[in-house]
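Student: Next up is a structure, given as structure tokens.
The values are calculated or read from the model by the stated rules, or taken from the named source; none is laboratory data. In this text, all values refer to a predicted model and were calculated from it rather than measured experimentally. Every residue, glycine as well, gets a Cβ built from its backbone with ideal geometry; the counts of neighbours run over all protein chains shown.
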Amino acid sequence: MRFHKGLAAALAFVGTPAAIHAQVVDPGAHIAAYDDAIVAIMKQKLGLSARVDRFENLVRDYYDMPAIAQLVVGPKWAASSAADRSAATAALTHHSAVQLARNFKAFDGEKFVVDPNVISRGASRIVRVTIVSRGGKDLLLYQLRQSGSGWKIVDVISGGVSQLAVQRSDAAAIVAGGGAAALAQRLAKLDAVK
């Protein structure tokens, strides 16, 4: 299976107990655990709806979705109500899960190779992962920041393209017209899984 730039949009996970996540301090180990969870979901050979459910748990566990939602909404975040912020965060979480479920359908021998050399950039850490598949190799760069009890993903870069930048660009017109609430409504329609 050849992965494409849209994959980064999804990379956005299997619900692993919180105690395990709290023990994972190293950003590279955190991403390795995330990749193992992706492979575990693919090996289950589930339908789309069930994969979305599994990946939604994974997104909550590994991504800093409140921070991502704030960055995607941009300046309108400050003027948004708590309910609208919550709705936008939930919608982006589900959106990430849907994209993951669409990109990772079934296991076909893929290997996720985590580079042990984690790059420090200020408060962020960059973890490089090469996905080796029958179709070739793809390099993903995960940007992580400390959040609560550990490291959380805030961006994924594939083919030199930042997923966060793509999400902001895609959401700009919707957010400009209706803020966080409009984004949540648009994503709910877009990502309705039947």
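Student: Quick test of your reading of the structure: PHE55 fulfils all but one of (1) in a helix (DSSP H, G or I); (2) modelled with pLDDT under 95; (3) of a type outside the set (D, E, K, R). Name the failing condition by number.
Tutor: Of (1) in a helix (DSSP H, G or I); (2) modelled with pLDDT under 95; (3) of a type outside the set (D, E, K, R), only one is false for PHE55: (2).
Student: Inspect all residues belonging to the stretch 141-154 and state whether any of them is among the aliphatic types (A, V, I, L, M) and either at pLDDT below 95 or outside any strand (DSSP E or B) (or both).
Tutor: no
Student: Any idea which of (1) in contact with a strand residue (DSSP E or B) (Cβ under 6 Å, 6 or more places away or on another chain); (2) of a type in the set (Gly, Ala, Ser); (3) under 22 Å from ALA90 (Cβ atoms) is the one ALA192 doesn't satisfy?
Tutor: So the condition that ALA192 fails would be (1).
Student: Which condition breaks for LYS137 when tested against (1) of a type in the set (Lys, Arg); (2) closer than 25 Å to ASN57 by Cβ; (3) in a strand (DSSP E or B); (4) at pLDDT below 95?
Tutor: Going through the list (1) of a type in the set (Lys, Arg); (2) closer than 25 Å to ASN57 by Cβ; (3) in a strand (DSSP E or B); (4) at pLDDT below 95, LYS137 breaks only (2).
Student: Given (1) more than 15 Å from the chain's Cα centre (by Cα); (2) outside any strand (DSSP E or B), where does SER96 come up short, assuming only one miss?
Tutor: SER96 satisfies all of (1) more than 15 Å from the chain's Cα centre (by Cα); (2) outside any strand (DSSP E or B) except (1).
Student: Please count how many residues of the stretch 136-156 are among the aliphatic types (A, V, I, L, M) and buried (at least 20 other Cβ atoms within 10 Å of the Cβ).
Tutor: Selection size over the stretch 136-156: 4.
This table checks each residue for (1) within 19 Å of LEU190 (Cα to Cα); (2) of a type outside the set (Ser, Thr, Tyr).
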site	(1), (2)
PHE55	yes, yes
VAL73	yes, yes
SER81	no, no
SER86	yes, no
ALA91	yes, yes
VAL98	yes, yes
ARG121	no, yes
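Student: A further question follows. Out of (1) more than 19 Å from the chain's Cα centre (by Cα); (2) at negative phi; (3) not hydroxyl-bearing (Ser, Thr, Tyr), what's the single condition that is false for GLY122?
Tutor: Of the numbered conditions (1) more than 19 Å from the chain's Cα centre (by Cα); (2) at negative phi; (3) not hydroxyl-bearing (Ser, Thr, Tyr), the odd one out for GLY122 is (2).
Student: Condition first: loosely packed, with under 14 Cβ neighbours inside 10 Å and at pLDDT 90 or above. Now tell me which residues in the stretch 12-35 satisfy that.
Tutor: If the condition is that a residue be loosely packed, with under 14 Cβ neighbours inside 10 Å and at pLDDT 90 or above, then no residue fits.
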